[in-house]
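Heads up, the thing below is written out as structure tokens.
The values are calculated or read from the model by the stated rules, or taken from the named source; none is laboratory data. Since the model is a prediction, treat every value here as computed from it, not as a measurement. Ideal geometry is used to build each Cβ from the backbone, glycine not excepted, and the neighbour counts take in all protein chains shown. Ligands, DNA and RNA are excluded from the accessible area calculation, which covers all protein heavy atoms including side chains. Shrake-Rupley method; radii C 1.70, N 1.55, O 1.52, S 1.80 Å.
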Amino acid sequence: METVILDGHNQENIVLCADVIRQGGLVAFPTETVYGLGADALSETAVAGIFAAKNRQEDNPLIVHVALKRDVMPLVAEIPAVFETLAEKYWPGPLTLIMKKSGIIPDNVTAGLDTVAIRMPEHPTALALILACGGPIAAPSANPSGTPSPTNALHVKADLDGRIQYILDGGSCRVGLESTVLDISGTVPRILRPGGVTYDELKTVLGVVDFERSPDNEAPRSPGMKYRHYAPKAPLTAVLGPPSETAEYIMSRMSGRTAALMFDDYAFDNPFVVTLGASRDHAAQASCLFGALRLLDSMDISEIYVQTPDEDGLGQAVANRIKKAAGNNIVVLGNR
Ligand code: TXA
Ligand code: MG
């Protein structure tokens, strides 16, 4: 099967892809965060196709995407009190909400959990596709498990060529990192994965919000967070601390085929240095990160050092992805 890239702003293409999904197939589509690999969320067999195409662990549940707020009702057992406030403020947008699931969600979507993750994406192509399907779409990021997520149609093509029929092209993803996963099924809302909507924003709206730190010896509540993730081929070291110190440290390590991912304002002239956006511009870092890791993958390098941003605002999500890609290779400098 040859994978074809279709213009995602064309309604005929959207209808064609909706038909593929309704018949149990898979389609990659753009969202404002990353590209998703979509299937009919209410069909166990269709959803099984996602796990196969991505080589995804069966214990890692998927996010269900809706286009209208009222489409959440049949998917959940109860609507938590904070749902309305959050959906009103952040949907469509990069916020996934975990709620108690209803009986119509197949077990493989939620990996057997009694909760389901739901979000309303903001990209017009995603919304049009869900509407044309007439039902919710289950979608993880459209990459093989463990590798950097795709933020444009060519990334998806490189990753899944031959495994799916169509990719809807909606340009580059605005945010560039996955949605924030917020569990609202318990008494205190809890962030399971930092993302496009920040801790500070949620704290302002909700008053109180927990942040899951998932120690290694404990089963994380967001199963996906326990795997090494977003990882390029060469071993990667996350370097944390004040940018002047991390830059100096990285510079001292550069020799042979060692590569670095650095803030624009600290990068130096070297063919193996790739830039990540300015040190204070977390939004630029978020939108650059996965593309930069892919660029590094295309270079013949032996290891990668990454200047990791401080954790305020969107910096928390950027740092989270870099640390996941690093596995245990983390260096902390300065008094933090
Ligand atoms: O921005 C995004 O969220 C993208 C786009 C395509 O929407 N999707 C995405 O999906 O990042 P994925 O499968 O790569 O990540 C889903 C995350 C995983 O960490 C998974 O463990 C968690 O959500 N998750 C899903 N259902 C859950 C549940 N019921 N309880 C706890 N965590 C859940
Ligand atoms: Mg993913």
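Looking at (1) of a type outside the set (K, R); (2) open to solvent by 10 Å² or more (accessible area, probe 1.4 Å); (3) more than 16 Å from ligand 1 (Cβ to nearest atom), which is the only condition I14 fails?
That leaves (2) as the condition not met.
Would you point out the residue of the stretch 161-200, among those that are more than 24 Å from L276 (Cα to Cα), outside any strand (DSSP E or B) and in contact (Cβ under 8 Å) with a residue 40 or more places away in the chain, that is nearest to ligand 1 (Cβ to nearest atom)?
That would be S185.
If only one of A52, A87, A18 is at pLDDT 95 or above, of a type in the set (G, A, S) and under 21 Å from V175 (Cα atoms), which one is it?
Values: A52 fails: under 21 Å from V175 (Cα atoms); A18 fails: under 21 Å from V175 (Cα atoms).
Among A52, A87, A18, only A87 is at pLDDT 95 or above, of a type in the set (G, A, S) and under 21 Å from V175 (Cα atoms).
Is it the case, given these coordinates, that V273 is among the hydrophobic types (A, V, I, L, M, F, W, C) and under 29 Å from L202 (Cβ atoms)?
Working: among the hydrophobic types (A, V, I, L, M, F, W, C): yes; under 29 Å from L202 (Cβ atoms): no.
No: the conditions fail for V273.
Tell me the residue from A117, A132 that is open to solvent by 10 Å² or more (accessible area, probe 1.4 Å), in a strand (DSSP E or B) and closer than 26 Å to A46 by Cβ, please. I'd like the intermediate steps shown before the answer.
Values: A132 fails: in a strand (DSSP E or B).
None of the other options fit; the residue is A117.
Could you please let me know if R70 is away from ligand 1 (no atom under 16 Å from the Cβ), open to solvent by 60 Å² or more (accessible area, probe 1.4 Å), in contact (Cβ under 8 Å) with a residue 40 or more places away in the chain and basic (K, R)?
Values: away from ligand 1 (no atom under 16 Å from the Cβ): yes; open to solvent by 60 Å² or more (accessible area, probe 1.4 Å): yes; in contact (Cβ under 8 Å) with a residue 40 or more places away in the chain: no; basic (K, R): yes.
When the stated conditions are applied, R70 does not pass them.
Output yes when any residue across the stretch 75-93 is open to solvent by 70 Å² or more (accessible area, probe 1.4 Å) and within 15 Å of C133 (Cβ to Cβ), and no when none is.
There is no residue in the stretch 75-93 that is open to solvent by 70 Å² or more (accessible area, probe 1.4 Å) and within 15 Å of C133 (Cβ to Cβ).
Could you check, for the stretch 213-229, whether at least one of its residues is in contact with a helix residue (DSSP H, G or I) (Cβ under 7 Å, 6 or more places away or on another chain), at pLDDT below 95 and within 14 Å of ligand 2 (Cβ to nearest atom)? Outline the logic, then answer.
First, the residues of the stretch 213-229 that are in contact with a helix residue (DSSP H, G or I) (Cβ under 7 Å, 6 or more places away or on another chain): 214, 220, 228-229.
This time we only want the ones that are at pLDDT below 95, so: 214, 220, 228-229.
Subsequent filtering for residues that are within 14 Å of ligand 2 (Cβ to nearest atom) retains 228-229.
For the stretch 213-229, residues in contact with a helix residue (DSSP H, G or I) (Cβ under 7 Å, 6 or more places away or on another chain), at pLDDT below 95 and within 14 Å of ligand 2 (Cβ to nearest atom): present.
Report the residue count in the stretch 19-30 for those that are out of contact with any Gly (no Cβ under 8 Å at 6 or more places or on another chain) and either closer than 26 Å to G176 by Cβ or surrounded by fewer than 15 Cβ atoms within 10 Å (Cβ to Cβ) (or both).
Looking only at that region, the number is 2.
What are the residues in the stretch 59-72 that are within 14 Å of the chain's Cα centre (by Cα) and either farther than 20 Å from L113 by Cβ or not in a loop (DSSP other than H, G, I, E, B) (or both), if any?
Here is the first cut: in the stretch 59-72, the ones within 14 Å of the chain's Cα centre (by Cα) are 60-65.
Passing the criteria: I63, V64, H65.
Residues to consider are T125, T151; find the one that is over 17 Å from R56 (Cβ atoms) and in a loop (DSSP other than H, G, I, E, B). Spell out how you get there, then give the answer.
Details: T125 fails: in a loop (DSSP other than H, G, I, E, B).
Every option except T151 fails the conditions.
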